[in-house]
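Written out below as structure tokens is the structure these notes cover.
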There are 4 protein chains.
Amino acid sequence: MASTQDNAVAAATTNNDYLVQSDDPEHPANLIPELCRKFYNWGWVTGTGGGTSIRHGDHIFIAPSGVQKELMKSENIFVLQWPTKKYPAEERNYIRRPLKLNPSACTPLFLTAFEHGAGCCIHTHSQWAVLVTLLVEREKGPDACFEISTIEQIKGIPRGKGKGMLGYHDTLRIPIIENTAFEEDLTSGLEAAMNKYPDTYAVLVRRHGIYVWGDNVAKAKTQCESLDYLFQLAVEMHKLGLPWVK
Amino acid sequence: MASTQDNAVAAATTNNDYLVQSDDPEHPANLIPELCRKFYNWGWVTGTGGGTSIRHGDHIFIAPSGVQKELMKSENIFVLQWPTKKYPAEERNYIRRPLKLNPSACTPLFLTAFEHGAGCCIHTHSQWAVLVTLLVEREKGPDACFEISTIEQIKGIPRGKGKGMLGYHDTLRIPIIENTAFEEDLTSGLEAAMNKYPDTYAVLVRRHGIYVWGDNVAKAKTQCESLDYLFQLAVEMHKLGLPWVK
Amino acid sequence: MASTQDNAVAAATTNNDYLVQSDDPEHPANLIPELCRKFYNWGWVTGTGGGTSIRHGDHIFIAPSGVQKELMKSENIFVLQWPTKKYPAEERNYIRRPLKLNPSACTPLFLTAFEHGAGCCIHTHSQWAVLVTLLVEREKGPDACFEISTIEQIKGIPRGKGKGMLGYHDTLRIPIIENTAFEEDLTSGLEAAMNKYPDTYAVLVRRHGIYVWGDNVAKAKTQCESLDYLFQLAVEMHKLGLPWVK
Amino acid sequence: MASTQDNAVAAATTNNDYLVQSDDPEHPANLIPELCRKFYNWGWVTGTGGGTSIRHGDHIFIAPSGVQKELMKSENIFVLQWPTKKYPAEERNYIRRPLKLNPSACTPLFLTAFEHGAGCCIHTHSQWAVLVTLLVEREKGPDACFEISTIEQIKGIPRGKGKGMLGYHDTLRIPIIENTAFEEDLTSGLEAAMNKYPDTYAVLVRRHGIYVWGDNVAKAKTQCESLDYLFQLAVEMHKLGLPWVK
């Protein structure tokens, strides 16, 4: 019965802790800390870098900014009521906001992924992702995307929404956008890349890392893993003088 | 007393959950998830890639397709009655089939290994395996196998069924087959490689990974580890200009 | 009511075990062993190398010398009363001193960091840190510092005390000092580097490792992670012929 | 009161299980499995390779051959009465011998280390160790030892029995022996290297790995870690064109 407005008022007073309290390990407020622990161990979210967000019905769960990712707890999670404004940040409709923390600076980028139908969005600072953005720039110029073909792991990446997965003989293409001084300013670049590559489930950010999304948590995570595998393989192939596209 | 046909009917109704329920950590339905967790941490089954199957008497236990390997549970395991058809897939004799999951696409390849007497078969997407298939192709051509000699770890690989282990001065040879668009279509290539190299316990798949089998779970796993060690060493040796065969 | 002198006497008799006994995982005597376990897993404190110290009010908690870092316990922690002498070592004011152990040889370096306002100081033998000190020396000479620019992870390092964090377009500079035969003799070099680079939160030691500090434990740890990420990336960039400064 | 002979008889009947049963985590029969789990995670004992032995008073505790190192249990440990024969193997004085297992093929090499006063001996197949043996052979010939100087981690290695630790300006030298077809045949090479380098606490085996020992378990393990760190650093230095000796 409570309107969104009422929820916002309630958040200010009760902070709606029940939104992040669940015994279900599959609950987004439990999944985000668990995922962040894994990502920390892979070296993807070193030094508070990176972030993760899950959409669950009309609720967007968002990791906080500037925390040690492997120590994150459910109580540190922000909850936004969907739909919500991307800009200005202060008008985003938080229905749960932990004291003394700020939501991830990636929030408008996560919201962009959700506008495109994602159920989960992951941002990493993977060194392999950073290195391929540098190699692509040097070898093929600033406008080129990352391309790799004829590697089995490509089959872990969708061909596009409702189009099934890429095949072994397909070429995977991931657009690369230039980094900006402030993370939120990446949003227009991300949107432009999504418009130019409407089938992509990921966008690389030069000298920064990658945004990967998926229809749900499992798909976002496994697609992120497959891409990172391909970036690492590509860097090693480059060292050995092996071309990325057959 | 129940015929195979009866078992199939039972599977449709009771699903034979007892086949994957055991307190014994050595039970195949417990071993497969445990192995997959280890393989995930080694980077062998990134992004739902790879798979594992165990033969236990007349039962073949098979990991499901498309799941996060480190989260797999005993209840996700398929059970085939042995012997069973390799083709067509829909005539395979499943006596336990988890709802909403599909058996690993590697199933006909696992069955090929079991036909040759294996007790366990492991499939990984190890990057070291992929890289050696690419290096062998460039350095020695598409028909060459992987060869390495005079490295102690070679002694972890059998010389052939009932022939003991390779010696330090022997040359280890692992055949390489070309990848195919669909995993099940690798079967004839795998069989051809097994016929040409009757003593091999592993077949590399170009740009894809490796299939390794063994007389039992411990042998398949430790042989897979020894091979991966040798592939990683071989890639590093190549970077340093050191030849693989003395 | 007890004077510092009284505390010292008490230490000799009761050893003040209560100073390192707490159920709070955030207590320095619990945090140091927990941090050291993580650092061991990152390869930063191999073979008893490296160390960590935390200032908590007027108490300095210090890891012991020569122990296996992943096995450290709260009861192994030394406690110094602040302020205390850096030299001579035997006049340092220990109010808790475990039997059969010696305090870290890094103690005067930790004390130097605390004099400059740090709340925590971490010393690692990270191989990436060692390699960048060697690469800088060869490429730019013995007086050059490590420089890297235009990499997102730079934003994890402060611009200086009370000056906020570095921006994406800034250049991160970390001074490098020469190693000495005895760890405590690094102190004057560390102080000179701090004077020359008053905004730095870290000093590299050639052929040895790095000292990183921060206003509190979380900042020291995440800054150490961000720097190590940048050193690893820099070594990989160098292998691939990519310049560190754009 | 029981003579060694009596113990041997008892072993045949009761198998002296009490020798490997203890609640003390520092007991050798508990330490060996714990160490092997760590070594497995470092990639030192892949595929049943490598091994560990501890001398505790007149008892030598030895890991079994051919088992998965991360799954080893206390009950798998062999116990030899010290002193015992090195050759022939069948006359070694086992006072506890697990059924269905064989003692490590490294046993005579472990015994050689104990004859020289060691309290613990570790054998790994570390790839970094293998690679430095190959690089030394190519760069300096088959008779050269591994040499590295002016790296802080060298201080983790003793200068010799009762001589303290190496200093930063010292050169660490580790002899390299040629591998043999059978592990036990390494014994004479190991003894010759120990005679030629009486101060060494480790011997590299070309194309195989390393034997490292120490006065006790902690020293053997931390020396093994320091050496592996130095081998890994040396390989990376070689890739970057940086000399090992200043």
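Here, each number is a calculation from the coordinates, and none is a lab measurement. A quick note: this is a predicted structure, and the numbers were derived from the prediction, not measured. Ideal geometry is used to build each Cβ from the backbone, glycine not excepted, and the neighbour counts take in all protein chains shown.
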Sort C:R206, A:R55 so the one with the fewest other Cβ atoms within 10 Å of its own Cβ comes first. C:R206, A:R55
Which residue, B:D58, B:D143, B:D23, tops the fluctuation ranking in a GNM of chain B built on C-alpha contacts under 10 Å? B:D23
If one builds a Gaussian network model of chain D from Cα atoms under 10 Å apart, the most fluctuating residue listed among D:G50, D:G214, D:G162 is D:G162
Rounded to 5, percent antiparallel among DSSP beta bridges of the protein assembly as shown: 95 percent
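For the protein assembly as shown, compute Rg over Rh where Rg is the Cα radius of gyration and Rh is the Kirkwood radius from the inverse mean 1/r over Cα pairs. It would help to have the intermediate numbers written out before the result.
Details: Rg = 29.4 Å, Rh = 30.4 Å.
Result: Rg/Rh = 0.96.
Taking each residue of C:64-74 in turn, how many C-beta atoms of other protein chains fall within 10 Å of its C-beta, and what is the average?
2
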Magnitude of the Cβ-charge dipole (Lys and Arg +1, Asp and Glu -1) of the protein assembly as shown about the Cα centre, nearest 20 debye, reported as 1200 debye
Could you size up the charge dipole of the stretch A:123-246 around its Cα centre, putting +1 on the beta carbon of Lys and Arg and -1 on that of Asp and Glu, and report it in debye to the nearest 20? 360 debye
The base-10 log of I(q)/I(0) that the Debye equation returns for chain C at q = 0.16 Å⁻¹, one scatterer per C-alpha, is -1.13
Which distances in nm, rounded to one decimal and ordered from shortest, link the label point of C:Y87 to the equivalent label points in the other identical copies, with labels set 7 Å from Cα toward Cβ? 5.7, 5.8, 8.1
Taking the Cα centroid of the stretch B:175-215 and of the stretch B:25-79, what is the distance between the two, rounded to the nearest whole Å? 20 Å
Would you mind calculating the relative contact order of the stretch D:106-246 from Cα pairs under 8 angstrom and at least 6 residues apart, reporting the percent as a whole number? 34 percent
Name the residue from A:L135, D:V217, A:L35 whose Cα lies farthest towards the positive end of the charge dipole of the protein assembly as shown, charges +1 on Cβ of Lys and Arg and -1 on Cβ of Asp and Glu. A:L135
Inter-chain shielding of B:41-49 (mean C-beta neighbours from other protein chains, 10 Å cut-off): 6
Using a label position 7 Å from Cα in the Cα→Cβ direction, what is the ascending list of nm distances from A:N41 to the same site in the other copies? 0.7, 0.7, 0.9
Given contacts defined as C-alpha pairs under 8 Å and at least six residues apart, what's the relative contact order of chain A, whole-number percent? 18 percent
Give the aspartates and glutamates reachable from A:K140 as a straight Cα distance under 12 Å; neighbours fewer than 8 places away on the same chain don't count. none
Defining the label point at 7 Å along Cα→Cβ, can you sort the distances from D:N195 to the same site in each other copy, shortest first, in nm? 5.8, 5.8, 8.2
Name the longest site-free stretch of chain C, where the excluded sites are chymotrypsin sites (Phe, Trp or Tyr not before Pro) in a DSSP loop with no more than 16 other beta-carbon atoms within 10 Å. C:43-181
What does the charge add up to near C:E91, with Lys and Arg as +1, Asp and Glu as -1, over the other residues with Cβ less than 15 Å from its Cβ? +2
Project the alpha carbons of the stretch C:1-104 onto their principal axes and report the range along each, largest first, in whole Å. 43, 32, 23
Note the full-extension length gain between B:K239 and B:K100 as 0.36 nm times their separation in residues minus their Cα-Cα distance, in nm to one decimal. 45.5 nm
Of B:K100, B:K38, B:K219, which has the largest mean-square fluctuation in a 10 Å C-alpha GNM of chain B? B:K100
Whose Cβ in chain B comes nearest the axis that rotates B onto C, and by how many Å? B:K239, 5
Once both axes come from the Cα atoms, what is the angle between helix B:217-239 and the longest principal axis of chain B, in degrees from 0 to 90, rounded to 10? 30 degrees
Among D:F114, D:G189, D:N102, which residue has its Cα positioned farthest towards the positive end of the charge dipole of chain D, with +1 placed on the Cβ of Lys and Arg, -1 on the Cβ of Asp and Glu, and the dipole taken about the Cα centre? D:G189
What is the average number of partner chain Cβ atoms found within 10 Å of a Cβ in C:221-229? 5
Can you give the angle from 0 to 90° between the axis of helix D:187-196 and the longest principal axis of chain D, with both taken from C-alpha atoms, to the nearest 10? 50 degrees
Count neighbours as other Cβ atoms within 10 Å of each site's Cβ, and list the trypsin sites (Lys or Arg not before Pro) in the stretch D:131-166 that are DSSP loop with at most 16 such neighbours. D:R159, D:K161, D:K163
Helix C:127-140 sits off the longest principal axis of the Cα atoms of chain C, rounded to the nearest 10 on a 0 to 90 degree scale, by 50 degrees
